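The values are calculated or read from the model by the stated rules, or taken from the named source; none is laboratory data. The shown structure was predicted, so the numbers you read here are calculated from the model rather than taken from an experiment. Cβ placement follows ideal geometry from the backbone for every residue including glycine, while neighbour counts extend to all protein chains displayed.
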Amino acid sequence: MEITGIFKYLYELLQSTGLPQVLVDIIALASAAVMIFGVLAVIALFLVWWERKVSAHIQQRFGPMRTGWHGWRQTIADAVKLLQKEDITPSTVDRPVFFWAPVIAFVAAFMVYVTIPFGDGLIVSDLNIGILFIIAITTFTIISLLMAGWGSNNKYALLGGMRSAAQVVSYEVPMVVSVLAVIVFAGSLSMVDIVQSQAKIYKWYFFRLPFGPIAFFTYIIAATAETNRTPFDLPEAEQELVAGFNVEYSGMKFAMFFLAEFVNMFTVSAIGATLFFGGWQGPLLPSWVWFLVKTFALVFVLMWFRWTYPRLRVDQLMEFSWKFLLPVSFANLILAGWMKYSGWFNW
Amino acid sequence: MIAGVFSQIGQSFQQLIGDVSSNPLFYLISFVLILSALMVVTLKNIFHSALFLILTLFSVAGIYILLHAEFLAAVQVLIYVGAVAILIIFAIMLTSQLTSKRIVQTNEQVTVALLICFGFLGTAFLSIPYTVWRIADVALPAENIFTLGKLLMTDYVLPFEVVSIVLLAALIGAVVLARREGS
């Protein structure tokens, strides 16, 4: 419990070696970044395989079966293939914008992991603005979508980019408001504090009736929309837009968008597990196992949504956010404030 | 004499931002900030200008972090990058005359504008050493979000509520104007 973050631990370790300060800063930052990247690249590769398996089994197929046991090596082969492809830049694109869009998407997707606790003390840095930092950084995803859509100089990409930006902006409001309800109860923005206030299973914010489940359901619906997944996948509606904002991208740049998408899916599930299901808290098993179990369970729910529900129409999408989700989450926030004030379920 | 003024400016600067003035990151962020701000007002492609505006606003958030105002930094990114800048980009994308057109950002008044700007900059520079800056001696509270939240709900509740009402009025006004045009 002494170590409040991997970054702090690393920093102190490096300082004890007597290196110059600038070098200590650079090495500590670089190794934290490499650690995040390594862990998440493996998770994202696994998620791609898992998505294919889940979708296949929901549709009574097997999915990839040939490479390795139940096709586990398939995504590794696919990733290698994508990285080896020629990097094609169409001649009429806006070059700098086209180049930077996948980079921003990629960096923003990984940057939020600075404040996500993977286990007891397994956090890069426990910022006191924790959850607010995550919400702030996710806005860069919208910018990357708009850049990709505009920079591609293609009407399908432009429409896809606009659609997803409009969608993400609309659903960000109910998502933030439902997260606020938890913050009101936890009394802190720090992710570690939020986890520590849920030490027992009856203390999980999901079980604080009635505000907890409402906040969770509004969160998970908004999060599905934020990650542009079915039933909210209009930005990449294949039948209408070919592929959406990333239609002109191929090879490594496409791989970056693809990876960022799966990392984002893991991010929203990790935030859900941390805010509503006690994060890394749990008996017997190591804390990081509990975190991964809870997060992957939520990822499975998102996959289940995707392969079960049909796609919404664009007017239904906007109406659902502004006329249903937003009023519900606002009412829930007021309810949570009142519960906190009156001491109801305030363990 | 000029050297004296400059050293005084340097001293006030150091007094104002404290230990931040010795942080190399401060100069790096400031450099990016000024460069991207210049790009915003000089580039011919309005979409690129908007993207550099985002970089400018993000760099301001970086300076807030160096000054230990983490909450302000997060809110800066959330409001300015997440809402204002995206609104600007949307406006650019939806205005068909603007896209793919090279715009001229200057007109015949450019010299006058430059003179006024540099005059203002010079005045600001010279007024820094002759102003008494009120700096609290107390150490920063460890959890400045709590303090901020409490102050907003107690001492500064009236300005806080007034700002909310002004924003609400602007919101309703915008909706009313948009409606009239549509029908």
Only unsatisfied item for A:W100, checking (1) within 13 Å of chain B (Cβ to nearest Cβ); (2) touching a residue at least 24 places away in the same chain (Cβ under 8 Å); (3) under 16 Å from A:V268 (Cα atoms), is (3)
Return a yes/no flag: does segment A:262-277 have any residue that is surrounded by 22 or more Cβ atoms within 10 Å (Cβ to Cβ), modelled with pLDDT under 85 and polar (S, T, N, Q). no
When every residue in segment A:142-164 that is surrounded by fewer than 23 Cβ atoms within 10 Å (Cβ to Cβ) and polar (S, T, N, Q) is compared, the one nearest to the other protein chains (Cβ to nearest Cβ) is A:N153
Within segment A:183-201, residues polar (S, T, N, Q) and within 11 Å of A:W280 (Cβ to Cβ) come out as A:Q196, A:Q198
**Request:** Could you tell me whether segment B:121-137 includes any residue that is within 13 Å of chain A (Cβ to nearest Cβ), among the aliphatic types (A, V, I, L, M) and surrounded by 12 or more Cβ atoms within 10 Å (Cβ to Cβ)?
**Result:** no
By my count, helices (runs of 4 or more DSSP H) wholly in segment A:244-323 with at least 1 residues that are more than 28 Å from A:F118 (Cα to Cα) are A:251-276, A:314-319
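Condition check ((1) part of a helix (DSSP H, G or I); (2) within 14 Å of chain B (Cβ to nearest Cβ)) across all residues:
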site	(1), (2)
A:Q167	yes, yes
A:F185	yes, no
A:L189	no, yes
A:F206	yes, no
A:F216	yes, no
If you check A:S287 against the conditions, is it polar (S, T, N, Q), farther than 30 Å from A:I104 by Cα and surrounded by fewer than 16 Cβ atoms within 10 Å (Cβ to Cβ)? no
When you check A:L14 against the structure, is it crowded, with 16+ Cβ neighbours inside 10 Å and farther than 24 Å from A:V195 by Cβ, yes or no? yes
Taking segment A:124-155 and keeping residues β-branched (V, I, T) and either modelled with pLDDT of 80 or more or more than 19 Å from the chain's Cα centre (by Cα) (or both) leaves A:I129, A:I131, A:I134, A:I135, A:I137, A:T138, A:T139, A:T141, A:I142, A:I143
Screening B:L43, B:L78, B:L33, B:L51 for residues that are surrounded by fewer than 18 Cβ atoms within 10 Å (Cβ to Cβ) and under 20 Å from the mean Cα position of the chain (by Cα) leaves only B:L43
Q.
Going by what's in this entry, would A:G212 be described as in a helix (DSSP H, G or I) and free of Cβ contacts under 8 Å to residues at least 60 places away in the same chain?
A. no
Those residues of segment A:122-138 which are in contact (Cβ under 8 Å) with a residue 12 or more places away in the chain and within 10 Å of chain B (Cβ to nearest Cβ) amount to A:L127, A:N128, A:I129, A:G130, A:I131, A:L132, A:F133, A:I134, A:I135, A:I137, A:T138
Residues of segment A:159-174 being touching a residue at least 60 places away in the same chain (Cβ under 8 Å) and not small (G, A, S), in sequence order, are A:L159, A:R163, A:Q167, A:V168, A:Y171, A:V173, A:P174
- prompt: Does A:G119 qualify as being within 11 Å of chain B (Cβ to nearest Cβ) and in contact with a Ser or Thr (Cβ under 6 Å, 6 or more places away or on another chain)?
  reply: no
Return a yes/no flag: does segment A:333-342 have any residue that is assigned to a helix (DSSP H, G or I), over 30 Å from A:V48 (Cα atoms), modelled with pLDDT of 90 or more and under 23 Å from the mean Cα position of the chain (by Cα).
yes
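Rundown of residues vs (1) under 30 Å from A:I131 (Cα atoms); (2) touching a residue at least 40 places away in the same chain (Cβ under 8 Å); (3) within 10 Å of chain A (Cβ to nearest Cβ), yes/no style:
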residue	(1), (2), (3)
B:K44	no, yes, no
B:L51	yes, no, yes
B:Y64	yes, no, no
B:Q76	yes, no, yes
B:A83	yes, no, yes
B:I86	yes, no, yes
B:I89	yes, yes, yes
B:V110	no, no, no
